[in-house]
Amino acid sequence: MAATQMEKERIYTARNEAVKILHTGDTHLGFRQYNSEVRRRDFFDAFERVVADAVENEMDAVVHAGDLFDNRNPTIEDLLETISALTTLKKADIPFFGIVGNHESKQNTQWLDIFETMGLAKRLRSRPIVVENDNIRVCLYGIDNLSGPRLAAADFSDFG
Ligand SMILES: [Mn+2]
């Protein structure tokens, strides 16, 4: 079956013979622990270190498992610094895939959707994003944070 344009957009070519995916999460960017700018800096430094590791090690993709931000209302400074880190990945041709965590979740449209619109990220959903080379195909799916009644009501029948 010929791939539709939509399907092609979900296929990324791996540069490595063994597909290399860096998995991170719970970066809680913007967290001013103890109301401290020093601690806010620590969280960004840690994330920027992860980004640098991904670039140095020539990863094929970065997967973020939620809570990129510490809360649903990051500051403009938090957003600009995050955009800068994601741009570093984009310039290195490393796609960034993520889901929405419980700390950062907004009512409808998410920060990750904005980054997707900017070409800096893709949200993992029920239809797979594929990272592949001639020998290996990795299919990535994502489920945003779900708990309580939302989890009970969730329909996973469209995964595939
Ligand atoms: Mn968390």
Most fluctuating of 30, 98, 148 in the GNM of the chain (C-alpha, under 10 Å) is 148
Of all DSSP beta bridges having both residues in the chain, the percent classed as antiparallel (nearest 5) is 25
Neighbour-count ranking for 20, 91, 122, 106 (other C-beta within 10 angstrom, fewest to most) reads 91, 106, 20, 122
Taking only the Cα positions of the chain, the convex hull volume per residue in Å³ is 126
FRET efficiency for residue 41 and residue 107 from the Cβ-Cβ distance with R0 = 30 Å, rounded to 0.05, comes out at 0.50
GNM on the chain, Cα springs under 10 Å; top mean-square fluctuation among 49, 125, 150 goes to 150
The distance between the Cα centres of segment 33-65 and segment 88-160, in whole Å, is 19
Listed by chain and number, the residues whose amide H is under 5 Å from that of residue 11, excluding neighbours fewer than 5 places away on the same chain and using placed H, are 130
Counted neighbours (other Cβ, 10 Å), sorted fewest up, put 118, 59 in the order 118, 59
Expected vector for segment 31-42, Karplus 3J(HN,Hα) from phi with 6.51, -1.76, 1.60 and θ = phi - 60°, integer Hz, x for Gly and Pro, equals 5, 9, 4, 6, 6, 10, 5, 4, 5, 4, 4, 4
Summing -39500 (n - 2.57) over every DSSP H run of at least 4 in the chain, dividing by its residue total and rounding to the nearest 500, the 222 nm mean residue ellipticity is -10000 deg cm²/dmol
Quick numbers on segment 13-73, Rg and Dmax over C-alpha atoms in Å, give 13.7, 45
Length-normalised contact order of segment 21-112, Cα under 8 Å, at least 6 apart, in percent, tallies to 35
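Computed from the coordinates by the stated procedures, all read-outs in this text should not be read as laboratory data. Worth saying up front: this structure is predicted, and the values here are computed from it rather than measured. Every residue, glycine as well, gets a Cβ built from its backbone with ideal geometry; the counts of neighbours run over all protein chains shown.
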